[in-house]
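Only one structure is covered here, and it is reproduced in the block below.
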Amino acid sequence: MSGFRTVAIVAALVVAAFLLALSDRYYMDVFILTCFYGALAVSWNMMAGLTGLMSLGHALFVGIGAYSVAWGASVQGWPPLVTWPMGVVIAVAAAAVMGMLCFRYGLRGYFFAIATLAFNEVAFFSVSASVALGRSDGLILPTSSEDSVMMLQFFDKWPYGLIIGTVLIATLAIGQYLLTSRTGYYWRALRDNEEAAEALGVNARAYKLRCFMLSAGISAVCGAFYANYVAFVDPRSVLGIDLSIQMLVYSIIGGMALLWGPLLGAVLLVPFSVLLRNISAMQGSEIIAYAVLLVVLALILPQGIAGWLTARWRRRKAAPRPEGFASVAAAEKSA
Amino acid sequence: MTALLELKNVGKAFGGLKALSDVSFSVAPDEIFAIIGPNGAGKTTLFNCIAGALAPTQGEILFQGRRIDGRPPHEICAQGLVRTFQIVKPFRGMTVLENVKVAAFARHPRPRDAEAAAHRVLAHLGMEAFAETDADELNVAQMRRLEIARALATEPKLLLLDEMLAGLTPAESAAMCDLIRALPRQGIAVIVVEHSIPVVRSLCERAVAITFGEVLAEGTTEEVIDDPRVQEAYLGRADAKVDA
Ligand SMILES: Nc1ncnc2c1ncn2[C@@H]1O[C@H](COP(=O)(O)OP(=O)(O)O)[C@@H](O)[C@H]1O
Ligand SMILES: [Mg+2]
């Protein structure tokens, strides 16, 4: 694993991108979306790539964060200071309950993935039917004509960029801290071989649960941010399966063996899809172009961008020794 | 003799199949004890029950006088009982050092301490040169050694070794035996599951033989090996004599 220096470099790049994006609202929007999806994908991959827990229902936690903020603001008039923590607490609690059920009954691999998907679908249809949550029409956050720091309402986009950039960097810093600690080693051990990990003293259930709860909490923060940024939430945008799939795609393309791999996927694909959406003349052609890019990337970089980069880096550092390739092969396998 | 490990009438059924029944024996704190028996006798199942991977359906298992049967593996590991796997289970996405570090975290919660402990174990087993090698890259003998290194890094009082020597060359096998033989002096008792009778004779003073999940004979290694029922179970006829 790359150390804190990598996180510092990534953080510096995020800050640089933010400063560049200050020049133009459009760039700032792309920056914000990239950070949003990047943080989400990194948090998703803490489970999938680092602990071996593949969730297909992660939109649930984004939805919980987003709806906490939207419902709190539109129905109760609560400020983000109340609704953000509320969303995180609910999401973490939901993850705890789901995790206890899944891990209690030993659900792994595909079965765990399907269970998370099922929870997500239940939430999707419940919210779509709930009058208090605006049914499938969604909720519009109340806006005033003046900026309000208390309500996280700004005319300019840059304050939102500042917030989500901070969320992203914090996510990476927390992730890196945990990876170098006992928790991170136990997560990777569980991913590689649960039986051996348990025999060597790892409380599998507790550590998987911890990972699930942390990941859900970060996703809820992102969801809360989304609600304040877009000022509108509906089931499709924050609870839909597409959102969960996006986290998966960015992670696979970026590289699942490394903490910051999924961010690379988002950095490449989010601006690309925004660009396509804006230039494509023919309806739906952007989806085809996007799909072609995904297939090509998956074919030429089977271990993701991050895996390819580390392989190159290692090759250069240790040219005569063949070990560098091997760990990338291992990373690829574990992904 | 105060027993380190004591099994009382341990049984394990998989549905209708009785994989173990009425297994009783005890192991002292400073010995190397052998479990022998033909393939499918239930030796690995017995290890699974002792180490907590499976809960016995009958009987009691006491470690240092405390019941451990039915407890989860990580708790049993924390009490000082650790096992290796017949089919090696390295953490393939990690280096050798990281593999051992995972185990060392059981006693040393701080990363720095765990890493130092892992280095000590690797040096002790002569594996320091492989510290940064990916676990995936090791050969069979090295993977076995890694299994032992990880187990030792949990600083156990009792180590269960499941067919550690199978498939090794004579030289590798001899080196492994020397390693095992030195463990009791470091305060680690060992239970080996082993097929090679000469190896069992050279390593262990006491042994138990099981077939079809039942104890055939228990006692000193010589008694157990020379027992006619054991001879028959191994070779399928009563008049056979296992050569040393
Ligand atoms: N999880 C299991 N479920 C059902 N049967 C099992 C299981 N594990 C082992 N067995 C059966 O228990 C018996 C003993 O197996 P095992 O303990 O692996 O033998 P040994 O290690 O002595 O070769 C075999 O008949 C095996 O098929
Ligand atoms: Mg066996």
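The values are calculated or read from the model by the stated rules, or taken from the named source; none is laboratory data. Source: prediction; values computed, not measured. Note that each Cβ is placed from the backbone with ideal geometry, even for glycine, and that neighbours are counted across all protein chains shown. All accessible areas refer to the heavy atoms of the entire protein, side chains included, with ligands and DNA or RNA removed. Shrake-Rupley method; radii C 1.70, N 1.55, O 1.52, S 1.80 Å.
Taking 37 °C and 0.692 mPa s as conditions, the range A:147-246 diffuses translationally at an estimated 205 µm²/s according to Stokes-Einstein applied to its Kirkwood radius (Cα pairs).
The share of alpha-carbon pairs in the protein assembly as shown lying farther apart than 46 Å comes to 28%. Close amide H pairs (under 5 Å, H built 1.01 Å from N) link B:THR211 with B:LEU216, residues at least 5 positions away or on another chain.
With a cut-off of 11 Å between beta carbons, the residues surrounding B:ALA117 carry a summed charge of +2, where Lys and Arg count +1 and Asp and Glu -1.
Debye-formula intensities of chain B, expressed as log10 I(q)/I(0) at q = 0.10, 0.14, 0.15 Å⁻¹, are -0.47, -0.92, -1.05 (one equal scatterer per alpha-carbon, no solvent). For the chain pair B and A, buried accessible area totals roughly 2300 Å², probe 1.4 Å, rounded to the nearest 100.
Per residue of peptide B:72-81, the mean number of Cβ atoms on other chains within 10 Å of the residue Cβ is 4.
For chain B, the mean residue ellipticity at 222 nm estimated from helices alone is -10000 deg cm²/dmol, where every DSSP H run of n ≥ 4 contributes -39500 (n - 2.57) and the total is divided by all residues, rounded to the nearest 500. Sequence neighbours fewer than 8 away in the same chain don't count; with that in mind, list the lysines whose C-alpha is under 22 Å from B:LYS43. Reachable lysines: B:LYS8, B:LYS12, B:LYS18, B:LYS89, B:LYS157. Over all other residues within a Cβ to Cβ distance under 12 Å of B:HIS108, the charged ones net out to +3, with Lys and Arg as +1 and Asp and Glu as -1. For the range A:192-313, the spread of Cα positions along the three principal axes, ordered from largest to smallest, is 58, 40, 22 Å.
Backbone phi angles across the range A:234-248, fed through the Karplus curve with coefficients 6.51, -1.76 and 1.60 (θ = phi - 60°), yield HN-Hα couplings of 9, x, 5, 6, 10, 10, x, 4, 4, 5, 4, 5, 4, 4, 5 Hz in residue order; Gly and Pro are listed as x. Summary value for the range A:22-162: 32 percent relative contact order, contacts being C-alpha pairs under 8 angstrom separated by 6+ residues.
Along the axis of the charge dipole computed for the range A:2-302 (Cβ charges of +1 for Lys and Arg, -1 for Asp and Glu, origin at the Cα centre), the listed residues A:GLY77, A:VAL7, A:ALA189 are led at the positive end by A:ALA189. Report for the protein assembly as shown the percent antiparallel among DSSP-assigned beta bridges with both residues inside it, nearest 5. Antiparallel: roughly 60 percent of the beta bridges in the protein assembly as shown. Is the shape of the range B:48-114 rounded, prolate or oblate, going by the alpha carbon gyration tensor and its root eigenvalues a ≥ b ≥ c, with a/c under 1.5 for rounded and a/b larger than b/c for prolate? Cα axes put the range B:48-114 in the oblate bin. Among the residues of B:105-113, the average count of other protein chain beta-carbon atoms within 10 Å of the residue beta-carbon is 3. When both the range B:14-37 and the range A:102-144 are represented by their alpha-carbon centers, they are found 49 Å apart.
Annotation: amide H of B:GLY219 within the under-5 Å range of B:ALA207, sequence separation 5 or more or interchain, hydrogens built in the peptide plane. Placing pseudo-labels 7 Å out from each Cα toward the beta carbon at B:ARG120 and B:GLU75 gives an inter-label distance of 2.8 nm. Legend: Rg and Dmax of the range A:8-61, from Cα coordinates, 14.0, 41 Å.
Looking at the range A:2-302, the pairs of alpha carbons with a distance over 31 Å make up 27% of the total. Amide H contacts for A:LEU56 (H built 1.01 Å from N in the peptide plane; partners 5 or more residues away or on another chain; cut-off under 5 Å): A:THR116, A:LEU117. Computed from the C-beta positions of B:THR220 and A:ARG108 and an R0 of 30 Å, the FRET efficiency is 0.10 to the nearest 0.05. Here the Karplus relation 6.51 cos²θ - 1.76 cosθ + 1.60, evaluated at θ = phi - 60°, turns the backbone of the range A:128-139 into coupling constants of 4, 9, 8, 5, 4, 9, x, 6, 6, 6, x, 10 Hz, with x for every Gly and Pro. Over chain B, with every protein chain in place, what whole percent of the accessible area is carbon and sulfur at 1.4 Å, could you tell me? Ligands and nucleic acids excluded, carbon and sulfur reach 52 percent.
With contacts taken as Cα pairs under 8 Å and at least 6 residues apart, chain A reaches a relative contact order of 30 percent. The tail of the calculated P(r) for the range A:54-127, taken as Cα-Cα distances beyond 21 Å, holds 31 percent of the pairs. Taking every DSSP helix (H) stretch of at least 4 residues in chain A, weighting each as -39,500 (n - 2.57) and dividing the sum by the residue count yields a mean residue ellipticity at 222 nm of -24500 deg cm²/dmol. For the range A:2-302, the Cβ-based charge dipole about the Cα centre amounts to some 640 debye (Lys, Arg positive; Asp, Glu negative; other atoms uncharged). Listed values for the range B:119-124 are Karplus-derived 3J(HN,Hα) couplings in whole Hz (6.51 cos²θ - 1.76 cosθ + 1.60, θ = phi - 60°), namely 4, 4, 5, 4, 5, 4, and x replaces Gly and Pro.
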